[in-house]
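Below is one structure; the comments refer to it alone.
The values are calculated or read from the model by the stated rules, or taken from the named source; none is laboratory data. Keep in mind that this is a model prediction, so the values were computed, not measured. With ideal geometry, Cβ positions are generated from the backbone for all residues, glycine too; neighbour counts draw on all protein chains shown. These area figures cover heavy atoms from the full protein model, side chains too; ligands, DNA and RNA do not enter into them. Shrake-Rupley method; radii C 1.70, N 1.55, O 1.52, S 1.80 Å.
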Amino acid sequence: MRRRLLKSSLYTISLLAFLFSFTVNNRYDHNTQSNNTSINNIPAYKDPSLPIHQRVADLLSRMTLDEKIAQIQCLYEGKRHLSDDNNKFSEEKAAKLIPHGIGQIGRPFENVVLNEVGLGDYSKYQNKTPRETAEYTNAVQKFLREKTRLGIPVIFHDEALHGLVAYNATSYPQAIALSCSWDTKLLEELYSAVAEEVRSRGSHQTLSPVLDIARDARFGRIDETLGEDPFLTSRLGEAIVRGLQGREGPKIPENKVAATLKHFCAYGQPEAGSNVGPANYSEKYLRENLFYPFEYVVKNAKVKALMASYNEINGIPSHANDWLMNKVLRKEWGFGGLVVSDYMGVTELMTLHRVAESKEMAIKKSLEAGVDTEFGDIDCSKYLKQLILDSKIKMSVLDSAVARHLKLKFELGLFENPYVDPEKAEKLAENSRYKELALKAAYESVVLLKNEGNMLPLSKTAYKRIAVIGPNANKVRLGSYSGKPLSTISLVEGIREKLKGVEVLTHEGCKITKSENWYEKESKMLESLEVNMKLIKEAVAVAKRADLVILNLGGTELTAGESAPGDRLNLDLPGNQNELVEEILKTQKPVVVVLTNGQPLSLNKINDKVPAILESWYLGQMTGKAIADVLFGDVCPSGKLTMTFPRSAAQCPIYYSYKPSQRRGYIFDTTLPLYPFGYGLSYNKYEYSPVTLSSASMKKNQQIVASVKVKNQGKYVSDEIVQMYIHDKVSSSTRPVRELKGFQRVTLNPGEEKEVSFVITEDLLKFYNNDMQYVSEPGDFTVFIGGSSETQNSAEFKLID
């Protein structure tokens, strides 16, 4: 078993020594004062020339117990704790609620915005412009700096899964869509832009990226993930963190933010695909699959924060899992950053998991397990003072959590400059570069699933009248955790803009849910067949007038998501969309299907009936232009699936890297997926040469190079995503039939051929053996290189001692 202890450093030694001596000498820490000053005659913690660990130790020595507890607490400003009736900062409220300061304030931009979904009574309280938000965060920081004893700034955190969740913020393609680009360079650039926009408004920490491995399409939060594969998720996650935080480290530049990996851990694979369900997996499976992306990003991108997951792992909730947080994360992986709770996750130790009989015991279990702060609102942490005074929690436990929080504030430079420029925030919201980047990302995220008879791309001149029909045709679905961008383009708008001389008709086709207002119970109820058959009849009349029908089908933010319930038992098109397709096909008009959705769909009732299917997921604010450009051939689709598409929900969980004994067969049905991982068509054909190896064997401390030549046999300039998989043919513990171990996105001109090479090292061949040792074993291996997980283009090599 790999048990790498936390490396010693000057910071660790000095902080631990300080915490020990300070706890012994100042047990309850009341009104403690320190005379430590720097050579500049100012308190050491205010001197930016000093090392961060020294500044942390000095500040911690000056803090009272109340001030320490305040630093691990959070206010959710969506409830307007510090705002007046005009949505302005209230110093009077602040003086009562946070007289000792506050560690974090959540979502100052208030994240209930879900595109066109109803806003309820919250809308009038929104900080609607970037300027207003920046002015608000500045006012809070000014109060804390000038009106609290030590002037400790606050960290504002917000959601930025695929763009800042706020008014007038850029909305990029949803995470599951971005993953289909397989483009690490793009993701680093995109999340660098996200960081700029977030920081400009006064926030410092994003609750992203999501590194949950998702292999069950019933799970409602699929759209937030990067798919089913640990290797791909780890590399995309690394790129996202580098974009958000920068590459310099350990200090975070003023145009960057602290990233937060979530949800640690095993949250994306709950029992029966049910959100927050238990994750009962062996340690071997956890380490090789669900832990792997987190471990890789912690070690290689130096992420600043992780979020504990709501679920339990083998009977222990993550928010109270000492083994997970302290032993694995901190000691083995050497993580020295902040671990935050999910919203109300500490409280749920009592209310949901029932492993704590009271809120006092919930915060005790959580803090001692290594969770440094209570996110959401101040609930369980308000009992901390009495727990410490009663010696039920050691002061050293609290000091460690506070120190990690203070460390991040120093790394963010907040003690030097906690303020932002409202004018700059306003200008950035209109930055054309963001919109161009959103469009580029949308292009790369589209996956062509089917193109029978080369129906696509469509001719721009062959059709005089086109009908765009479906519940998503005239709407821009942004997906979970989305803001309200300045502008959006629906599919209908995109096609009308592209084809000026063509009449573009449109109709809703059918409704999916009875309401699209998030706060109404009808939003979780499917529309009746009676209502929809009337709409379908109208849509058929529109289709009969057209020369071509484009059906924009799929789901909405309400048919899958975090909301309770947001998971599904049936993965067919929700509502009466299948009936809509059947009636439209009866018109004998040529039909193309565009899917807008957040999870793989089974598509059984339409897959064999329509000639062309385009998976667009949620493509962000540039949805309509991106899809129109792909449909009509101005852009060649290049995305590849990062989740396996099942034929039925009964196949779930289903994924490409299964064990040899897994797919023995079903009576009357196939075990094969509808569309496999790594799959995606193009308007081009790509020819792969046989795999060549630089050597037929390698020793454990050596490497070999696997290569192929890829030729574009089409007429479009486009990218091909070349994928390398490896299979261990015989091993002491069963291994998957193949595992992704490399990928490259390669641009090819028409007729161009390029050689693509992958370096195979011993590390790519390692796994946990039966004794839980992370090892490679000598033997025969097969390497596959091609355009999907089903490629048979292969070569073999031998690993020798």
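Structure shown: which of LYS93/LYS365; LYS262/LYS700; LYS68/LYS142 lie over 25 Å apart, alpha-carbon to alpha-carbon?
On the way: LYS93/LYS365 31 Å; LYS262/LYS700 34 Å; LYS68/LYS142 20 Å.
Going by Cα-Cα distance, LYS93/LYS365; LYS262/LYS700 fall outside the 25 Å limit.
How far apart, in nanometres, would the label points at LYS589 and LYS798 be if each is projected 7 angstrom from Cα along the Cα-to-Cβ direction?
Placing both labels 7 Å beyond Cα along the Cβ direction yields 6.4 nm.
Mind checking which of SER789, LEU765, GLY779 is farthest towards the positive end of the stretch 727-801's charge dipole, using Cβ charges of +1 (Lys, Arg) and -1 (Asp, Glu) about the Cα centre?
Most positive-ward Cα: SER789.
What residue among LEU799, GLN386, LEU449 has its Cα farthest toward the positive end of the dipole of the chain, where the charges are +1 on Lys, Arg and -1 on Asp, Glu, each on the Cβ?
Comparing the listed Cα positions along the dipole, LEU799 ranks first.
In this model, which of LYS754/LYS798; LYS299/LYS364; LYS511/LYS534; LYS514/LYS609; LYS709/LYS766 are farther than 18 Å apart at the alpha-carbon? Before the final figure, lay out the partial values.
Numbers: LYS754/LYS798 27 Å; LYS299/LYS364 29 Å; LYS511/LYS534 11 Å; LYS514/LYS609 28 Å; LYS709/LYS766 27 Å.
Result: LYS754/LYS798; LYS299/LYS364; LYS514/LYS609; LYS709/LYS766 exceed 18 Å.
Give the separation of the Cα centroids, the stretch 467-511 to the stretch 371-447, in Å.
Cα centroid to Cα centroid, the span is 35 Å.
What full-extension length gain, to one decimal in nm, is calculated for ASP85 and LYS699 as 0.36 nm per residue of separation minus the Cα-Cα distance? Write out the running numbers ahead of the final one.
Numbers: separation 614, 0.36 × 614 = 221.04 nm, distance 7.01 nm.
Full-extension gain reported as 214.0 nm.
Measuring from a point 7 Å past the Cα of LYS460 along Cα-to-C-beta, which residues in the stretch 625-641 have an amide N at less than 19 Å?
Output list for this probe position: 625-637.
Computed over the Cα atoms, what is the radius of gyration of the stretch 629-668 divided by 2.2 N^0.38 Å, N being its residue count?
Working: Rg = 16.0 Å, N = 40, 2.2 N^0.38 = 8.9 Å.
Taking the Cα Rg and dividing by 2.2 N^0.38 Å, one obtains 1.79.
Need one number for the stretch 376-502: average projected area of the convex hull over its C-alpha atoms, nm². Display every interim value, and only then the final one.
Details: hull surface 61.0 nm².
Averaged projected area of the stretch 376-502's Cα convex hull equals 15.2 nm².
Rg and Dmax in Å for the stretch 635-738, alpha carbons only: what are they?
When restricted to Cα atoms, the stretch 635-738 yields Rg and Dmax of 17.5, 49 Å.
Pop the C-beta distance of ILE42 and ASP66 into the FRET formula with R0 = 30 Å and round what comes out to the nearest 0.05.
Working: r = 24 Å, r/R0 = 0.80.
Working from the Cβ atoms, E equals 0.80.
How many nm separate the modelled label positions at LEU505 and GLU452, each set 7 Å beyond the Cα in the direction of the Cβ?
2.4 nm
Just to confirm my numbers, what's the Cα centroid distance between the stretch 219-244 and the stretch 126-160 in Å?
Value for the Cα centre distance between the two parts: 30 Å.
How long, wide and thick is the stretch 310-391, going by the Cα atoms along their three principal axes, in whole angstroms, largest first?
33, 26, 23
To the nearest 20 Debye, how big is the dipole of the chain about its Cα centre, given +1 on the beta carbon of each Lys and Arg and -1 on that of each Asp and Glu? Present the calculation step by step, with values, prior to reporting the outcome.
Numbers: 101 positive and 98 negative charges, 142 e Å.
Here the size comes out at about 680 debye.
What's the extension gain from GLN662 to THR747 if we count 0.36 nm per residue and subtract their Cα-Cα distance? Walk me through the numbers on the way to the answer.
On the way: separation 85, 0.36 × 85 = 30.60 nm, distance 3.63 nm.
Full extension from GLN662 to THR747 adds 27.0 nm.
Distance between the C-alpha centers of the stretch 322-365 and the stretch 545-613? Whole Å please.
With the stretch 322-365 and the stretch 545-613 each reduced to a Cα centre, they are spaced 41 Å.
May I ask you to compute the full-extension gain from ARG247 to ASP421, defined as 0.36 nm times their residue separation minus their alpha-carbon distance, rounded to one decimal in nm?
Working: separation 174, 0.36 × 174 = 62.64 nm, distance 2.40 nm.
Length gained between ARG247 and ASP421: 60.2 nm.
Ranked from highest to lowest mean number of other Cβ atoms within 10 Å per residue, what is the order of the peptides 750-760, 139-149, 565-575, 402-412?
Working: 750-760: 15.2, 139-149: 17.5, 565-575: 19.5, 402-412: 22.6.
The packing order, highest mean first, is 402-412, 565-575, 139-149, 750-760.
Just to confirm a number: summing +1 for Lys and Arg and -1 for Asp and Glu over residues other than LEU548 whose beta-carbon lies under 13 angstrom from that of LEU548, what do you get?
Net of charged neighbours comes to +4.
LEU75's amide H: which non-local residues (gap 5+, or another chain) put their own amide H closer than 5 Å, with H modeled 1.01 Å from N in plane and none for Pro or chain starts?
Here the answer is GLN104, ILE105, GLY106, since their amide H atoms fall under 5 Å of that of LEU75.
Rounded to the nearest 10 Å², what accessible area does SER200 have for a 1.4 Å probe in the complete protein model?
10 Å²
Using modelled backbone amide H atoms (1.01 Å from N, in-plane), which distant-in-sequence or interchain residues come within less than 5 Å of VAL340's amide H?
LEU306, MET307, ALA308, ASP372
Using a 1.4 angstrom probe on the protein heavy atoms only, could you order THR129, THR642 from most to least accessible area? Kindly include the intermediate steps, with their values, before the conclusion.
Details: THR129 40, THR642 0 Å².
In descending accessible area the options line up as THR129, THR642.
Return, for the Cα atoms of the stretch 496-544, the radius of gyration and Dmax in Å, separated by a comma.
Spelled out, the Cα radius of gyration and Dmax of the stretch 496-544 are 14.5, 43 Å.
Rounded to the nearest 5, what is the percent of antiparallel bridges among the DSSP beta bridges in the chain? Please report the intermediate quantities before stating the final value.
Values: 50 of 91 bridges.
Approximately 55 percent, going by the DSSP bridge assignments.
Would you calculate a helix-derived [θ] at 222 nm for the chain, using -39,500 (n - 2.57) for each DSSP H run of n ≥ 4 and dividing by the full residue count, to the nearest 500?
Numbers: 20 runs with 211 residues, N = 801.
After summing the helix terms and dividing by the residues of the chain, the value is -8000 deg cm²/dmol.
State which helices in the chain qualify, where a helix is a whole DSSP H run, it must extend 18 Å or more along its own axis by its Cα atoms, and its mean Kyte-Doolittle hydropathy must be at least -1.0. Please report the intermediate quantities before stating the final value.
Values: long enough: 10-25 (22 Å, 1.64); 130-147 (25 Å, -1.34); 184-200 (24 Å, -0.15); 230-245 (22 Å, 0.30); 395-411 (24 Å, 0.24); 432-445 (20 Å, -0.75); 529-544 (22 Å, 0.61).
TM-like helix candidates: 10-25, 184-200, 230-245, 395-411, 432-445, 529-544.
Using only the alpha-carbon atoms of the stretch 217-275, report the extent along each of the three principal axes, biggest first, to the nearest angstrom.
That works out to 43, 20, 17 Å along the principal axes.
Give me the mean projected area, in nm² to one decimal, of the convex hull enclosing the Cα positions of the stretch 735-801.
Details: hull surface 23.1 nm².
In nm², the orientation-averaged hull projection of the stretch 735-801 is 5.8.
What FRET efficiency, computed as 1/(1 + (r/R0)^6) with R0 = 41 Å and r the Cβ-Cβ distance, is obtained for LYS521 and LYS327, rounded to the nearest 0.05? Don't jump to the answer; show the numbers that get you there.
On the way: r = 44 Å, r/R0 = 1.07.
That gives a FRET efficiency of 0.40.
Would you work out which of THR644, VAL737, SER707 lies farthest towards the positive end of the dipole of the stretch 640-755? Charges go on Cβ: Lys and Arg +1, Asp and Glu -1.
In the stretch 640-755, that residue is VAL737.
Could you please tell me the mean projected area of the C-alpha convex hull for the stretch 125-169, averaged over all directions and given in square nanometres to one decimal? Display every interim value, and only then the final one.
Details: hull surface 14.4 nm².
Computed as one quarter of the Cα hull surface, the answer is 3.6 nm².
So how exposed is ASP771, as accessible area in Å² (1.4 Å probe, rounded to 10)?
Counting only protein heavy atoms, the figure is 110 Å².
Any idea what diffusion coefficient the stretch 174-295 gets from Stokes-Einstein, in µm²/s, Kirkwood Rh on alpha carbon pairs, 25 °C, 0.890 mPa s?
Details: Rh = 14.8 Å.
It comes out at roughly 166 µm²/s.
Suppose accessible area is computed on protein heavy atoms with a 1.4 Å probe; arrange THR488, THR734 from highest to lowest. Intermediate results must be reported in sequence, preceding the final value.
Values: THR488 50, THR734 85 Å².
The most accessible residue leads, giving THR734, THR488.
Give me the count of lysine pairs in the stretch 381-427 whose alpha carbons sit under 27 angstrom apart, restricted to pairs 8 or more positions apart or on different chains.
12
Out of the stretch 642-735, which chymotrypsin sites (Phe, Trp or Tyr not before Pro) are coil in DSSP terms and have no more than 14 other C-beta atoms within 10 Å? Show your work: numbers first, answer last.
On the way: sites: TYR655, TYR656, TYR658, TYR666, PHE668, PHE677, TYR679, TYR683, TYR686, TYR688, TYR716, TYR725; in loops: TYR655, TYR656, TYR658, PHE668, PHE677, TYR679, TYR683, TYR716.
Sites meeting the loop and neighbour criteria: PHE668.
Give the relative contact order (percent, whole number) for the chain; include only Cα pairs under 8 Å separated by 6+ residues. Kindly include the intermediate steps, with their values, before the conclusion.
On the way: 1916 pairs, mean separation 107.3, N = 801.
Value for the chain: 13 percent.
Please report, to one decimal in angstroms, the Kirkwood hydrodynamic radius of the chain built from all distinct Cα-Cα pairs.
When all Cα pairs of the chain are included, the Kirkwood radius is 27.7 Å.
Taking the Cα centre of the stretch 658-778 as the origin, how large is its charge dipole in debye, to the nearest 20, when only Lys and Arg (+1) and Asp and Glu (-1) carry charge on their Cβ atoms? Please report the intermediate quantities before stating the final value.
Values: 16 positive and 13 negative charges, 39 e Å.
Roughly 180 debye, rounded to the nearest 20.
Is there a quick way to get the dipole size of the stretch 501-617? I mean about its Cα centre, with the Cβ of Lys and Arg at +1 and of Asp and Glu at -1; what is the value in debye to the nearest 20? Please list the in-between numbers first.
Working: 13 positive and 18 negative charges, 69 e Å.
Dipole size: approximately 340 debye.
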